[in-house]
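Scroll down for the structure; my scribbles are underneath it.
The values are calculated or read from the model by the stated rules, or taken from the named source; none is laboratory data. On a predicted model such as this, the values are computed, not experimentally measured, just so you know. So basically every Cβ, Gly included, is an ideal-geometry build from the backbone, and we count neighbours across all protein chains shown. We work out accessible area using only protein heavy atoms, side chains counted, and drop any ligands, DNA or RNA first. Shrake-Rupley method; radii C 1.70, N 1.55, O 1.52, S 1.80 Å.
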Amino acid sequence: MNKSIPDYLKYNILIVCEGVGDKNFLDKFILERNLPSNVGITHVNESATGKSGGREGLGSYLLAIKANRHFEKNIKKIIVISDNDDDMVTSFNSVCNQLKTASLAIPNTVNEYTKEKDGVSVAVVMIPVGKNGNMESMCMPAAHERWGLEKELDSWINNTPAVNWSFGKQCKVRLHALISVNNKKRPETGFAMHWNEKKPEMRISTKHKCFDDFGNVFLKLISP
Amino acid sequence: MIEQIDIQNFRSFKELRLREIQPVTLIFGDNGSGKTSLLEALFLACGASPELLQRTNAWRGMDAKHYSGQVEDVDRALWGDVFHQLNTDVKAKISLRGTQSHERRSVTITYRDGGITKLVPPSRDQTRTKAGLVRGNRVRFEYHVDGYGDFVVEPYVQNGQLVIDNQFEANFKASFVSSSRLGFSGETATRFSKLSVNYDSETFVSQFRKKFESIKGLSIETMGGNPMLYASVEGLSQKIPLGSVSGGMTKLATILLSMSEHKNGCIIIDEIENGFYFDRMEEIWAVILEFSDVYNCQIFASTHSYECMKALNRASGETNFEEYTYLRTELKDGVTKVYRVPGKSLLRALEYNIEVR
């Protein structure tokens, strides 16, 4: 009776991220870097609830997943992936509060598994590793190396209201613009769907060195 | 209110303890995972007649009257599956713990092999067949109720009928609504009459009409010597049996009347969604929860339906829903495991449309 088992609950390691873009990136990252694929990946599905998604939805979503009968049977480790945003400590603590909501073990530090609680260990990976920012800021070096346009984007940002935004938020704008202006066929494509692009030349490479720190942490946590 | 259930060696249960049972318990799980057995165990321990076990066997297509052959074979066919792994050498036991002394009770079921059929003098013969051959009893139900004492029931089959000479009277008020049968019409009629005698039937009819507007009234009518619950239906010039109007209406009437009769007791409903249109499930739950409050009647129900769970959530409100008891049954290697799903977790799962059954 495994018909109803969701893909993300088929393995012992469950990766939970904030949004569909993060999940799509991880799928591609594992595939292109030949990492162990014995992990399930899911993301907070805000559209299902009408409630908040992203980091604030992690606790509710984890609670929901725990009700599935395959969770208790299969899941031994959970890796939560979230953005550092403008303050690494505050963001990490915020993820820990979400873990508390879900009655899961709470780690003292990033990138390390907790001791088991109810048979499950938890690790929190904040990106980019060791600095403020988000998934988009982590991707920027690879994006600029692929498409250039760094100075042009600097100039453009400086002439828009986004000039006063945080670095992380500016990166979201910059990446969206970069992807858009380089995809004549579908300029409306956003960052979340970018990873579904079938032609590699149209995509940011996940093998770029800007992802290496994350890759090392990730590999350590998913290795058997 | 029942707060704890312990089961040993009963049907697919090897050993089970359920604590902190709440006023509403919803059980879900795969076919054959032990949902109905759990409800049976509960009902049996409430003091219900062992006849319940044969009734549920009949619902499953294993009616006592269809068995024939050697007495020992018939007995084993009738009672063998009461015991875990059909092992009649080990007694089955079900215990309840509740807030009232009469809710602290247990039933122990034992089975004795061989040497049962015997001839006895007519004067001592209480279960004599025409031939003067007396069937001893292989299966024995020993009840214990705190503050009441012990009581033994030894059912047997005679002429194709299950015979229970002595009924256990100190029963906790409990009613069992099966998944496939709506109960006996006479029983429903009697319950309605009891309400009517106490001038309570109007409230019941009013509640019922709120849910089913086409029903203008309910009454007991005797046709062919058989008292039945009849309905006045909009557009019909004559009353008709409620059962002829709708199976769902009859089921709801059965449930609500059972609850009104079992004040301070419990109602056990197998596959509660059966017979109800999915879009009505929320209001069905709402009225059942309302009766549960009014009559302080604890609810134990099983379901296969995700819609049914969502309807309970909507009918009860988020806070109440989180506090109920949710049990998932799973069968592994012939043994039922029961997992408790926290209300908070179930609530979020329903919000995210995550499968929980």
Original post:
Does B:Lys332 fit the bill of being within 14 Å of chain A (Cβ to nearest Cβ), surrounded by fewer than 16 Cβ atoms within 10 Å (Cβ to Cβ) and on the phi < 0 side of the Ramachandran plot?
Top reply: yes
Original post:
What single numbered condition from (1) more than 26 Å from A:Asp213 (Cβ to Cβ); (2) open to solvent by less than 60 Å² (accessible area, probe 1.4 Å) fails to hold for A:Asp83?
Top reply: (1)
Original post:
Going by the structure shown, is B:Thr303 in contact (Cβ under 8 Å) with a residue 40 or more places away in the chain, away from chain A (no Cβ under 14 Å), open to solvent by less than 40 Å² (accessible area, probe 1.4 Å) and over 20 Å from B:Thr36 (Cβ atoms)?
Top reply: no
Original post:
Within region A:43-123, which helices (runs of 4 or more DSSP H) (wholly inside it) include 1 or more residues that are more than 14 Å from chain B (Cβ to nearest Cβ) and among the small types (Gly, Ala, Ser)?
Top reply: A:88-101
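The rows are residues; the columns are (1) of a type outside the set (Val, Ile, Thr); (2) without any contact (Cβ under 8 Å) to a residue 24 or more places away in the chain.
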{"position": "A:Phe92", "(1), (2)": "yes, no"}
{"position": "A:Val124", "(1), (2)": "no, no"}
{"position": "A:Pro128", "(1), (2)": "yes, no"}
{"position": "A:Lys131", "(1), (2)": "yes, no"}
{"position": "A:Met135", "(1), (2)": "yes, no"}
{"position": "A:Gly148", "(1), (2)": "yes, yes"}
{"position": "A:Asn159", "(1), (2)": "yes, yes"}
{"position": "A:Leu175", "(1), (2)": "yes, no"}
{"position": "A:Asn182", "(1), (2)": "yes, no"}
Subject >> B:Glu290, sole failed condition from (1) closer than 15 Å to B:Lys210 by Cβ; (2) open to solvent by 10 Å² or more (accessible area, probe 1.4 Å); (3) touching a residue at least 60 places away in the same chain (Cβ under 8 Å); (4) in contact with a strand residue (DSSP E or B) (Cβ under 9 Å, 6 or more places away or on another chain) >> reply: (4)
**OP:** Write out, first by first residue and then by second, each pair whose Cβ atoms fall under 6 Å of each other, whose residues are 6+ apart or on separate chains, and whose first residue, in region B:31-59, is under 13 Å from B:Val177 (Cβ atoms) while the second is in a loop (DSSP other than H, G, I, E, B) and at pLDDT 90 or above.
**Re:** B:Thr36/B:Asp270; B:Leu39/B:Asp270
**OP:** Within region B:142-155, track down each residue that is surrounded by 13 or more Cβ atoms within 10 Å (Cβ to Cβ) and either in contact with a helix residue (DSSP H, G or I) (Cβ under 8 Å, 6 or more places away or on another chain) or more than 20 Å from B:Ala41 (Cα to Cα) (or both).
**Re:** B:Val145, B:Asp146, B:Tyr148, B:Pro155
**OP:** Looking only at region B:193-214, decide whether some residue is open to solvent by 20 Å² or more (accessible area, probe 1.4 Å), touching a strand residue (DSSP E or B) at 6+ places or on another chain (Cβ under 6 Å), modelled with pLDDT under 85 and closer than 21 Å to B:Leu236 by Cβ.
**Re:** no
Original post:
Restricting the search to region B:166-191, which residues are open to solvent by 50 Å² or more (accessible area, probe 1.4 Å) and at pLDDT 75 or above?
Top reply: B:Lys173, B:Glu187, B:Thr190
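Residue-wise test of (1) of a type outside the set (Ser, Thr, Tyr); (2) modelled with pLDDT under 75; (3) open to solvent by less than 10 Å² (accessible area, probe 1.4 Å); (4) under 28 Å from B:Asp165 (Cβ atoms).
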{"residue": "B:Phe13", "(1), (2), (3), (4)": "yes, no, yes, no"}
{"residue": "B:Glu40", "(1), (2), (3), (4)": "yes, no, yes, yes"}
{"residue": "B:Leu52", "(1), (2), (3), (4)": "yes, yes, yes, yes"}
{"residue": "B:Asp63", "(1), (2), (3), (4)": "yes, yes, no, yes"}
{"residue": "B:Val71", "(1), (2), (3), (4)": "yes, yes, no, yes"}
{"residue": "B:Arg76", "(1), (2), (3), (4)": "yes, no, no, yes"}
{"residue": "B:Val82", "(1), (2), (3), (4)": "yes, no, yes, yes"}
{"residue": "B:Val107", "(1), (2), (3), (4)": "yes, no, yes, yes"}
Original post:
Among B:Arg314, B:Arg340, which is the only one that is open to solvent by 10 Å² or more (accessible area, probe 1.4 Å), within 25 Å of B:Tyr277 (Cα to Cα) and more than 7 Å from every other protein chain (Cβ to nearest Cβ)?
Top reply: B:Arg314
